[in-house]
Amino acid sequence: MITAQARRSRYAPLVLLLLALLCTAGIYSVVATDSATATSGSSSANVQEGEALFEANCASCHGPDAAGTDIAPSLTGVGAASVHFQMITGRMPMANNSPQAEAKEPQFSEEQIEDVAAYVASLGPGPAIPSADMVDPALGDPASGMELFRTNCSMCHNAVGAGGALSEGKVAPSLMDSTPVEIYEAMVTGPQSMPVFNDANITPQGKRDIIAYIDYQQNAESVGGNNLGSIGPVVEGLWIWIIGIGGLCLVAVWIGAKKS
């Protein structure tokens, strides 16, 4: 009689491993295809237009195949969201070689930016440009967003998103003029000194909550008078010393001069 031990082939573990690898590759290919898509309407024509724009305006720094050079990183796998953020905020192309790319007026139209994003997305999987529902402030909770923002973002961007200074000549920019799409794309791509907040760090709903909180701050009225830029206690203390105590000194000198 043949036992179960005898029927079991010594190659069975290898076959099982190969099957597991094939299943993993299949699942990854489906997920990667979705994440690499620039927008729902992108096509091969968009990719071709984007490639032409890339070669004319970006290849001198990032290389003709976007593999990177000594002065600029590779764009393979950064996704459409990263390209869209950098170009829609005018950070790319850079105006000069500085510690960080400064925001300025975009040099390309929205259509051209989406074409370049579609081309870069075709080079490898990465975060896609978000849909309208993903960045709609009306679908978020500002109170929950405040907690998430102050836990994950306020140490650089200030408690209300007014921005702040970093090391080595870098800054965390103010978010008062940032659009919901820009805020979302910054979270999922981590531009420059900013860390990446993927869905494991902050859920899609959490990202909507943060966007709702920033949207509230952008439109909120200052009930306490002049907010002094919302920079914090340093400016408030400076105001007290220069205006408050300085004013008291001037009043004391004026009283003394009248009595003499």
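The values are calculated or read from the model by the stated rules, or taken from the named source; none is laboratory data. These numbers were taken from a predicted model, which means no experiment stands behind them. Counting neighbours? That spans all protein chains shown, and the Cβs are built from the backbone with ideal geometry, glycine included. Calculation scope for accessible area: heavy atoms of the full protein, side chains included, ligands and nucleic acids excluded. Shrake-Rupley method; radii C 1.70, N 1.55, O 1.52, S 1.80 Å.
Across region 106-132, the qualifying residues are those that are of a type in the set (A, V, I, L, M, F, W, C) and open to solvent by 10 Å² or more (accessible area, probe 1.4 Å), and the one among them that is farthest from ASN57 (Cα to Cα) is ALA132. Here ALA101, ALA81 are screened, and the one residue that is within 21 Å of SER178 (Cβ to Cβ) and in a loop (DSSP other than H, G, I, E, B) is ALA101. Could you tell me whether region 80-92 includes any residue that is open to solvent by 70 Å² or more (accessible area, probe 1.4 Å) and either more than 17 Å from the chain's Cα centre (by Cα) or in contact (Cβ under 8 Å) with a residue 12 or more places away in the chain (or both)? Among the residues of region 80-92, not one is open to solvent by 70 Å² or more (accessible area, probe 1.4 Å) and either more than 17 Å from the chain's Cα centre (by Cα) or in contact (Cβ under 8 Å) with a residue 12 or more places away in the chain (or both), which makes the answer no.
Selection of region 42-63 for residues being at pLDDT 90 or above and assigned to a loop (DSSP other than H, G, I, E, B) yields CYS58, GLY63.
The set of residues in region 165-195 that are in contact with a Ser or Thr (Cβ under 9 Å, 6 or more places away or on another chain), open to solvent by less than 40 Å² (accessible area, probe 1.4 Å) and at negative phi comprises ALA172, SER178, GLU182, GLU185, ALA186, VAL188, THR189, PRO191.
Among the candidates THR33, THR24, THR39, THR69, single out the residue that is closer than 21 Å to PRO130 by Cα, of a type in the set (Ser, Thr, Tyr) and either open to solvent by 80 Å² or more (accessible area, probe 1.4 Å) or at pLDDT 85 or above (or both). Step through it out loud before you land on a result.
Values: THR24 fails: closer than 21 Å to PRO130 by Cα; THR39 fails: either open to solvent by 80 Å² or more (accessible area, probe 1.4 Å) or at pLDDT 85 or above (or both); THR69 fails: closer than 21 Å to PRO130 by Cα.
Criteria check complete, one pass: THR33.
Here is a check on your reading of the model: is VAL181 under 14 Å from the mean Cα position of the chain (by Cα) and of a type in the set (Val, Ile, Thr)? Considered against the rule, which asks whether it is under 14 Å from the mean Cα position of the chain (by Cα) and of a type in the set (Val, Ile, Thr), VAL181 comes out as yes.
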